[in-house]
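First the structure, in the form of C-alpha cells, and then the observations on it.
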Amino acid sequence: MACQECDLLQRIPPLPVGGKARCARCNFVLAARPTDPLQLPLILTLTALIVFIVANAMPLMDLAAVGRYASTTILGGARQMWLDGERITAVVVVFCAVIAPACHLLLMLVVLLAARRPPLPHWSGELLRWGLHMQPWAMYDVMLLGILVALIKIAELATVNPGVGMYAMGLLAVLLPAIAVTFDAREVWKRVAWKHGDDLAAAAFAEENYAERGR
Ligand SMILES: [Zn+2]
C-alpha cells in the first residue's frame, strides 16, 4: 500500500482487533481495525437519513414583517427561486441540499446493510462508488453559512425565527462529515465478490480473517 502522505510503499500485515498500522517514515495511520468497522457508519447513516427527512419536511424559518407572515422549506425556497427566474441557483440548491445527500445516504445505507453478510454481490461496489461520488456535493455547511449571512441582513427588516428544518440542517452538517471520518471504504471492498469467481473472493476473505484471528 502507498502511504497517502509520503507515498512510501509498504506491506500491511494482518492487524489484531483494535490494532493500527503506521507508516514507517511519516507515522501516518495506514490502516486500523476497529471491533466492528461498519457498525458506527451504519448507525450514523441511519440517523442522518432520519434527520434528512426532518430537514426537508419541516420549515427552515418563519419570517414576519409588517403584518405579513411566511414560512418555507428547502424545496419551497428552491421553487420560489425558480419562479423568480433564478433557475440555475434553484437547480444547484435542489441538487446540493436534496438529491446529492439523498443519493449518498441511501446508497451508503444499502452498501452498509449488504456488507453485514459478506461476500457482497459485485454490483454493490458500483453503488459504493456512486455513494462516495455524491458525498462532496452534499454541502449543508456551505448552505447554512449562506442562510445565516442572509438571515443577519433580513433580521434588520423582519422578525426571523429559525425553524426545525434549520436545526436539522445544522445536525446534518455534523453527521455527514462524521460518516466520512468513521467509514473506511476498504472494509467494504474486501467483502465485495470478484467479477469472475465468487469462490476466490470468499477464499480471500476467509484467508484474511483466518490470518487476523491467528494474531
Ligand atoms: Zn508515510
Check off (1) within 16 Å of the ligand (Cβ to nearest atom); (2) under 27 Å from the mean Cα position of the chain (by Cα); (3) surrounded by 14 or more Cβ atoms within 10 Å (Cβ to Cβ) for GLN4 and give me the number that stays unchecked.
(3)
Can you confirm whether region 101-110 contains a residue that is at pLDDT below 90 and not hydrophobic (A, V, I, L, M, F, W, C)?
no
Identify, by number, the condition in (1) at pLDDT 85 or above; (2) not in a loop (DSSP other than H, G, I, E, B) that ALA24 doesn't meet.
(2)
Residue in region 82-93 that is away from the ligand (no atom under 16 Å from the Cβ) and surrounded by 18 or more Cβ atoms within 10 Å (Cβ to Cβ) present:
yes
Residues that are touching a residue at least 40 places away in the same chain (Cβ under 8 Å) and within 12 Å of the chain's Cα centre (by Cα): list the helices (runs of 4 or more DSSP H) wholly contained in region 33-138 that include at least 2 such residues.
39-57, 100-114, 123-134
Suppose we keep only residues that are surrounded by fewer than 15 Cβ atoms within 10 Å (Cβ to Cβ), near the ligand (Cβ under 8 Å from one of its atoms) and not charged (D, E, K, R) within region 18-31. Which one would you say is farthest from GLN4 (Cα to Cα)?
ALA24
Could you check, for region 32-50, whether at least one of its residues is surrounded by fewer than 17 Cβ atoms within 10 Å (Cβ to Cβ) and within 16 Å of the ligand (Cβ to nearest atom)?
yes
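The values are calculated or read from the model by the stated rules, or taken from the named source; none is laboratory data. Bear in mind the structure is a predicted one, so any value in this text is a computation, not a measurement. Reconstructed Cβ throughout: ideal geometry from the backbone, glycine too, with neighbour counts over all protein chains shown.
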